[in-house]
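The structure appears below as structure tokens.
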Amino acid sequence: MRKVLSSVLVGLTATGLLFATVVAASASTSTASSTCSAIDAPKAMNDLPASADCPTPGALHSNVAPLVTPVQATSPISSTPLTFSHTNGDILAITKVAGVANELAIGGNFSVVIEANGTSVPANNFAVLNETTGDVVFSSSGGPTNSVTATDTYVRAITSLNGVIYIGGDFDTWDGTSRAHVAAIDASFTLTSWNPGSTGEVRALATDGSTIYIGGTSGAVTAVGTSGGALWTKYISGGSVHALLATNGVLYVGGLFETYDGVTQHGLVEVTPSTGAMIPAFAPVLRPDSDSSATTGNAAYDGEDPISLSVGPSPSEILVGCGGHAPPHEASNETILMNAATGARVWSFSTIGDSQAVGSVGDTAVAGYHNSINNTTSAPYYSAQLEDSSGKLTTWDPQITGQSPGNNADAGNGGVQAMYVDPANDILFLGGAFIQWAGMNPLTHASLIAFTFTPPAASIPDAPTI
């Protein structure tokens, strides 16, 4: 099981129209004896095992859904990807660089970026690309390193503000300078003096335009100013933070935790950015892990554990991606559309494997996941498009596959681990651990693939009444 973030923004206007839950993928009729190809990666890559998505023998899981009939998408995504760059490893984070034209930052576990013309550019787990061509704008032979464990150098989280790129992960130095799991580089790609540090690996970063929010395995969420000083810290227990989402005066915190600031609320909270205080009106109903004190085994991650967050189709909604090891007849691996103010479900869709990345594409949602049990009766491999109005699966198939331990650093579990949706240029970027598109051209689109999409047509207002 791998966990990842999404750092898109969402609004908070409450509406009363969409409180009814529509379950788009219901209880399973498939037996749990399906072949499971999961190979657990080192803890440095994934803090929870991919084999957690393999069903218990003889049990029925609703994370393996029955065959559904796809519908035509109201915001079609191209079936053919753009010509773009890729890497020789995994991508765990993608974002457009705010304040700088046409730059896309990627991070993960790779040593080379291969441009569309075949040129290989050395890159140590981080690079900045031209968003249009995929050509490398910046890469560093230095970048993230770890003075204690040389292999723990993954970049897991990226956000940006006014041309400055904020980077989080497993590293403890950047370009040879001490930076405990978080660093910042300016528009000229020079390491800045911003150095708040983190006592644990950073898995999530977000910004609201003035403050940087940091979460991960440290047991806390911290708000930090652009000068590097901590503004507040709130502690969590029972797990780690995997996703942060900041917008419209609120911050959402998602992960594998059981309490936030001493208050019991499993996996997902809404807080006030200026103080970190929890907003009690937001109270989503998510099944908790069966043993809040467990750190290993199914009991430590068999609940509905939010691991990715994104804007929803309107300011009153958010998208939540969940992972976990569902008990018999229950679901954990889901993409959920929630009311942003209350946490009430609008719909949920089973994604077979952990819903590691989510995003809004026009008036549809896209979920990214892995597929350890080799099941495609409910959704295509690794990513699916869902209608915002109903949560129904669309006919779009990204056709990305591949489980090659020789080419993916996570031992070949496959899947989409990161996502960025650019609504200005109508491009969907998917990153992760996959090596093929359409079953051919091995490695041509490995780890990074981009699709254009067609947003819905603007509605024409009614004629004025005289």
Filter result (more than 25 Å from Leu161 (Cβ to Cβ) and among the aliphatic types (A, V, I, L, M)) within segment 247-269:
Leu256, Val263
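From the list Tyr154, Tyr166, pick out the single residue that is at pLDDT below 95, crowded, with 24+ Cβ neighbours inside 10 Å and aromatic (Phe, Trp, Tyr). Full working, then the answer.
Numbers: Tyr166 fails: at pLDDT below 95.
Being at pLDDT below 95, crowded, with 24+ Cβ neighbours inside 10 Å and aromatic (Phe, Trp, Tyr) holds for just one of Tyr154, Tyr166, which is Tyr154.
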Selection over segment 226-270 where residues are over 20 Å from the mean Cα position of the chain (by Cα), of a type outside the set (Lys, Arg) and within 21 Å of Gly209 (Cβ to Cβ) yields a count of 10
Quickly run through segment 307-347 and pick out the residues that are modelled with pLDDT under 95, open to solvent by 10 Å² or more (accessible area, probe 1.4 Å) and under 23 Å from Thr69 (Cα atoms).
Pro313, His329, Glu330, Ala331, Glu334
Just to be sure I understand, how many residues within segment 114-152 are within 22 Å of the chain's Cα centre (by Cα) and outside any loop (DSSP other than H, G, I, E, B)?
6
As an exercise: evaluate Val269 against (1) at pLDDT 85 or above; (2) surrounded by fewer than 24 Cβ atoms within 10 Å (Cβ to Cβ) and give the number of the one condition it does not meet.
(2)
Residue hits (segment 169-206; under 22 Å from the mean Cα position of the chain (by Cα) and open to solvent by less than 10 Å² (accessible area, probe 1.4 Å)) are Gly169, Asp170, Phe171, Val182, Ala183, Ala184, Gly200, Val202, Ala204, Leu205, Ala206
How many residues of segment 37-78 are more than 30 Å from Ala204 (Cβ to Cβ) and modelled with pLDDT of 75 or more? The answer is 6
Picking from Ala299, Ala283, the residue that is farther than 22 Å from Ala50 by Cβ, among the small types (Gly, Ala, Ser) and surrounded by fewer than 23 Cβ atoms within 10 Å (Cβ to Cβ) would be Ala283
Across segment 134-151, which residue is modelled with the highest pLDDT among those that are small (Gly, Ala, Ser) and out of contact with any Gly (no Cβ under 9 Å at 6 or more places or on another chain)?
Gly134
Being farther than 19 Å from Ser383 by Cα and of a type in the set (A, V, I, L, M, F, W, C) is the filter here; which residues of segment 307-354 pass it?
Ala326, Met338, Ala340, Ala341, Ala344, Val346
If I filter segment 103-121 down to residues being touching a strand residue (DSSP E or B) at 6+ places or on another chain (Cβ under 6 Å) and either over 26 Å from Ile307 (Cβ atoms) or β-branched (Val, Ile, Thr) (or both), which single residue comes out as surrounded by the most Cβ atoms within 10 Å (Cβ to Cβ)?
Ile106
Is it true that Ala223 is closer than 20 Å to Ser160 by Cα, part of a strand (DSSP E or B) and under 17 Å from the mean Cα position of the chain (by Cα)?
no
Name every residue in segment 290-306 that is of a type in the set (D, E, K, R), over 20 Å from Gly215 (Cα atoms) and either touching an Asp or Glu at 6+ places or on another chain (Cβ under 8 Å) or at pLDDT 90 or above (or both), in order of residue number.
Asp302
Being closer than 18 Å to Cys54 by Cα, open to solvent by 20 Å² or more (accessible area, probe 1.4 Å) and out of contact with any Gly (no Cβ under 6 Å at 6 or more places or on another chain): is that true of Ala294 here?
no
Hey, can you tell me all the residues within segment 226-254 that are in a loop (DSSP other than H, G, I, E, B), of a type in the set (Gly, Ala, Ser) and touching a residue at least 40 places away in the same chain (Cβ under 8 Å)?
Gly238, Gly239, Ser240, Gly249
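The values are calculated or read from the model by the stated rules, or taken from the named source; none is laboratory data. Quick caveat: nothing in here was measured; it's all calculated off a predicted structure. Cβ atoms come from the backbone with ideal geometry, glycine included; neighbour counts cover every protein chain shown. These accessible areas exclude ligands, DNA and RNA; they are computed on the full protein's heavy atoms, side chains included. Shrake-Rupley method; radii C 1.70, N 1.55, O 1.52, S 1.80 Å.
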